[in-house]
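This report concerns only the one structure given below.
Derivation of every value follows stated rules applied to the coordinates shown; laboratory data play no part. Note that the structure is predicted; figures quoted are calculated from it, not measured. Cβ atoms come from the backbone with ideal geometry, glycine included; neighbour counts cover every protein chain shown.
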Amino acid sequence: MIFLEPRITVLARPSFAEPAHLPVNWLGESTDGERLAEFAGRLCYMSQKNPASRNTRDYLDNIKKQGHGSVLEHATYSLLLEGVSRSLTHELVRHRAGFAYSQLSQRYVDESEANFVMPPAIIGDEALEAAWREQVEAAQRSYVALVDQLMTRYAWVGDKIHRRKMAREAARGVLPNSTETKIVVTGNARAWRTMLELRSSEGAEFEIRRCALAIIRTLADEAPAFFSDFEIYGAADRAEAARIIYHKV
Ligand SMILES: Cc1cc2nc3c(=O)[nH]c(=O)nc-3n(C[C@H](O)[C@H](O)[C@H](O)COP(=O)(O)OP(=O)(O)OC[C@H]3O[C@@H](n4cnc5c(N)ncnc54)[C@H](O)[C@@H]3O)c2cc1C
């Protein structure tokens, strides 16, 4: 299977349990993650009575404006990313602060039937698509042949699971960066914002940029107050990009 775009699934979102002894005078619409952040912010000044009569989204907008971003760290969102390439995840996992990752292992998982992700720059050009398909299919055939030969070479290893792992971890060296992978990413709202700002910008590589834009749309639905200051636009390179109002809160 060839992926032409990422598949993003929300696995987990915050669940806020308001303490009965510290009720907040909530105003306006909000989700649990947003309330959790507002609750944390208001605790700093014990302003639960909401003296400025701010609704949650205005309150959090002001938090971003003031650069008081640590409050956003309380709200975490876990996403399952599929249909993304190993080259994308190689870039993604560079984002350290506030993120946790669990990725499909090419040492344990058989990649004989692996899927591939077509680089966005190739999509739509028949000749380029054909050349790319030929290369990834050839690489996959080499992988299958190498696993086979390595299983023979390591026939003396009694534990079959260990033998397979030895074969797969060496054979994966011939698989391309376009090999599809799956990764669970948990990040707090502040960390997501920083990563999304960098990876949705015009300087970012096309595939991770497309993924970042899809994540912005997903998370803006989950918690508009955290992500609605991303503005998506058509860039001069004919792809979408995003810019943000409040830089690195
Ligand atoms: C367009 C683009 C091109 C790139 N090209 C390259 C490249 O050619 N080669 C390459 O190696 N990488 C490249 N990168 C990756 C880049 O160098 C960063 O590793 C990546 O963007 C993660 O950024 P970060 O460290 O700010 O993120 P995070 O690790 O998530 O950190 C977020 C923020 O927390 C703070 N922080 C985190 N860790 C520390 C620390 N140890 N000490 C002090 N402060 C810390 C910093 O303020 C940091 O900005 C590129 C990134 C982009 C967006």
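The set of residues in the stretch 104-160 being aliphatic (A, V, I, L, M), assigned to a helix (DSSP H, G or I) and in contact with a strand residue (DSSP E or B) (Cβ under 9 Å, 6 or more places away or on another chain) consists of 136, 139.
Here's a check for you: in the stretch 229-238, which residue that is away from the ligand (no atom under 14 Å from the Cβ) and surrounded by fewer than 16 Cβ atoms within 10 Å (Cβ to Cβ) is nearest to residue 35 (Cα to Cα)? For the stretch 229-238, the residue satisfying everything is 231. Against the conditions (1) within 16 Å of the ligand (Cβ to nearest atom); (2) assigned to a helix (DSSP H, G or I); (3) charged (D, E, K, R), residue 248 satisfies every one except (2). In the set 189, 167, 171, only one residue is over 14 Å from residue 86 (Cα atoms) and within 16 Å of the ligand (Cβ to nearest atom); that residue is 189. Which of the residues belonging to the stretch 203-221 are surrounded by fewer than 18 Cβ atoms within 10 Å (Cβ to Cβ) and near the ligand (Cβ under 9 Å from one of its atoms)? Matches in the stretch 203-221: 203, 205. Would you point out which residue out of 82, 38, 73 is in contact with a strand residue (DSSP E or B) (Cβ under 6 Å, 6 or more places away or on another chain) and farther than 30 Å from residue 174 by Cα? Going through 82, 38, 73 in turn, the sole match is 73. Filtering the stretch 66-113 to residues that are of a type in the set (A, V, I, L, M), within 16 Å of the ligand (Cβ to nearest atom) and touching a Leu at 6+ places or on another chain (Cβ under 7 Å) leaves only 79. Reported count of residues in the stretch 168-202, each being surrounded by fewer than 18 Cβ atoms within 10 Å (Cβ to Cβ), assigned to a helix (DSSP H, G or I) and touching a strand residue (DSSP E or B) at 6+ places or on another chain (Cβ under 9 Å), is 0.
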